[in-house]
Amino acid sequence: MLARKITESESNETLDISPKLRSAVIDLVYTHSGIHLGELTCQFVQTRLRRRLRALEMESAADYFELAKNNSDEIEHLVNAFTTNETCFFRTKPLWSFLENTYLPELAARETARAPVFWSAACSTGEEAYSLAMLSDAVYPSSKKNLKPRVIATDISTDVLDKAAAGVFSGRNINRLKAVRPEMLDAYFEPCEDGFKLSQDIKKFVKISRHNLMDKAPQQDAYDLVTLRNVLIYFSQDDQMKIVHNIVASMKSGAILAIGESESLGYFDSGLEYVQPFVYRKP
């Protein structure tokens, strides 16, 4: 139900969240996303919920929980509230050096009538997916213009997908791009009122859609490269294995999987071969 409108003074008040309600919220997020939030403090849960309660003009976290658990649309907002979306262009230099100097040239040299397909899983606001598209455009020769890789970019959060689709970036991500790959900023962006807008020539190579990593991949035996970076750490070990096995089934033979710096596949049989730190290949 909707309560009376919250006043400005009330908006800073502490929400009443008991340990039991905190656990119920964490369990609800897990049920609908697979994201393992662990033993979060009531303060953390309160902080994440407060903005949504303001938007709905609600006062009670308990009332909000009753609304959310029976409303699929509101579940989407709840998952958005607890999703961590930290990303940037060309993150982790060794990975991008490998792609630029080894893997992409290998793909470009192949005689094929099919453009490679990449999957940026848990793409957040799109920086990684667009980095793949920009680098592919820079590496592929003009004679193979129609064979440049296509990128499927997915995430469970509709909020970040909307930002990715807009293709407008500003702040520290643009500052980082200026620092690490200024030629990419010059070649593929133009200034706009809200920052820098990605060119349509790059955006057309990226398809953005919603996907829950706990579900099967959008396509099977389809991808030449999958990036799943700094995401597995938010899942339990059993769910990590399920996610990786789903992803491996989606990869073509010889395809590459890139994971995050703090992640490893060494504790279970993924069916992949180690190539270099955080890079694995499907035999």
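The listed residues are Leu177, Leu147, and the only one of them that is within 20 Å of the chain's Cα centre (by Cα) and either open to solvent by less than 10 Å² (accessible area, probe 1.4 Å) or farther than 22 Å from Gln276 by Cα (or both) turns out to be Leu177.
Against the list (1) buried (at least 18 other Cβ atoms within 10 Å of the Cβ); (2) closer than 20 Å to Phe169 by Cα, the condition Phe98 fails is (2). Is there a residue in region 208-219 that is part of a helix (DSSP H, G or I), within 25 Å of Leu95 (Cα to Cα) and in contact with a helix residue (DSSP H, G or I) (Cβ under 9 Å, 6 or more places away or on another chain)? Scanning region 208-219 turns up no residue that is part of a helix (DSSP H, G or I), within 25 Å of Leu95 (Cα to Cα) and in contact with a helix residue (DSSP H, G or I) (Cβ under 9 Å, 6 or more places away or on another chain).
Note on region 25-75: residues that are open to solvent by less than 40 Å² (accessible area, probe 1.4 Å), closer than 20 Å to Leu232 by Cβ, in contact (Cβ under 8 Å) with a residue 24 or more places away in the chain and assigned to a helix (DSSP H, G or I) total 2. Inside region 255-283, can you point out the residues that are at pLDDT 95 or above, in contact with an Asp or Glu (Cβ under 8 Å, 6 or more places away or on another chain) and hydrophobic (A, V, I, L, M, F, W, C)? If the condition is that a residue be at pLDDT 95 or above, in contact with an Asp or Glu (Cβ under 8 Å, 6 or more places away or on another chain) and hydrophobic (A, V, I, L, M, F, W, C), then Ala255, Ile256 are the ones that fit. Determine if region 84-92 includes at least one residue that is without any contact (Cβ under 8 Å) to a residue 40 or more places away in the chain and either basic (Lys, Arg) or not in a helix (DSSP H, G or I) (or both). Looking for residues that are without any contact (Cβ under 8 Å) to a residue 40 or more places away in the chain and either basic (Lys, Arg) or not in a helix (DSSP H, G or I) (or both), one finds none in region 84-92, hence no.
Checked against the criteria, Asn230 counts as in contact with a Lys or Arg (Cβ under 9 Å, 6 or more places away or on another chain), of a type outside the set (Lys, Arg) and part of a loop (DSSP other than H, G, I, E, B). Test Lys204 against the stated conditions and say whether it is open to solvent by 70 Å² or more (accessible area, probe 1.4 Å), without any contact (Cβ under 8 Å) to a residue 40 or more places away in the chain and closer than 18 Å to Ser120 by Cα. Yes: the conditions hold for Lys204.
Scanning region 194-210 for residues that are under 17 Å from the mean Cα position of the chain (by Cα) and among the aliphatic types (A, V, I, L, M) gives Val206, Ile208. Once region 101-126 is narrowed to residues that are among the β-branched types (Val, Ile, Thr) and over 14 Å from the mean Cα position of the chain (by Cα), the residue that is surrounded by the fewest Cβ atoms within 10 Å (Cβ to Cβ) is Thr112. Against the test of being in a helix (DSSP H, G or I), closer than 14 Å to Lys203 by Cα and under 11 Å from the mean Cα position of the chain (by Cα), the options Ala129, Ala153, Ala165 yield a single qualifying residue, Ala129.
Assuming Tyr103 fulfils every condition listed in (1) at pLDDT 95 or above; (2) aromatic (Phe, Trp, Tyr); (3) in contact with a helix residue (DSSP H, G or I) (Cβ under 9 Å, 6 or more places away or on another chain); (4) farther than 30 Å from Asp194 by Cα apart from one, which condition is it? For Tyr103, the failing item is (3). Does Tyr188 meet the test of being open to solvent by 10 Å² or more (accessible area, probe 1.4 Å), modelled with pLDDT of 95 or more, closer than 23 Å to Arg229 by Cβ and among the hydroxyl-bearing types (Ser, Thr, Tyr)? Yes, satisfied.
The values are calculated or read from the model by the stated rules, or taken from the named source; none is laboratory data. These numbers come from a predicted model, not from an experiment. Quick reminder, even Gly has a Cβ in these numbers, built from the backbone with ideal geometry, and neighbours come from all protein chains shown. Just so you know, the surface numbers come from the protein's heavy atoms only, side chains and all, with ligands and any DNA or RNA stripped out. Shrake-Rupley method; radii C 1.70, N 1.55, O 1.52, S 1.80 Å.
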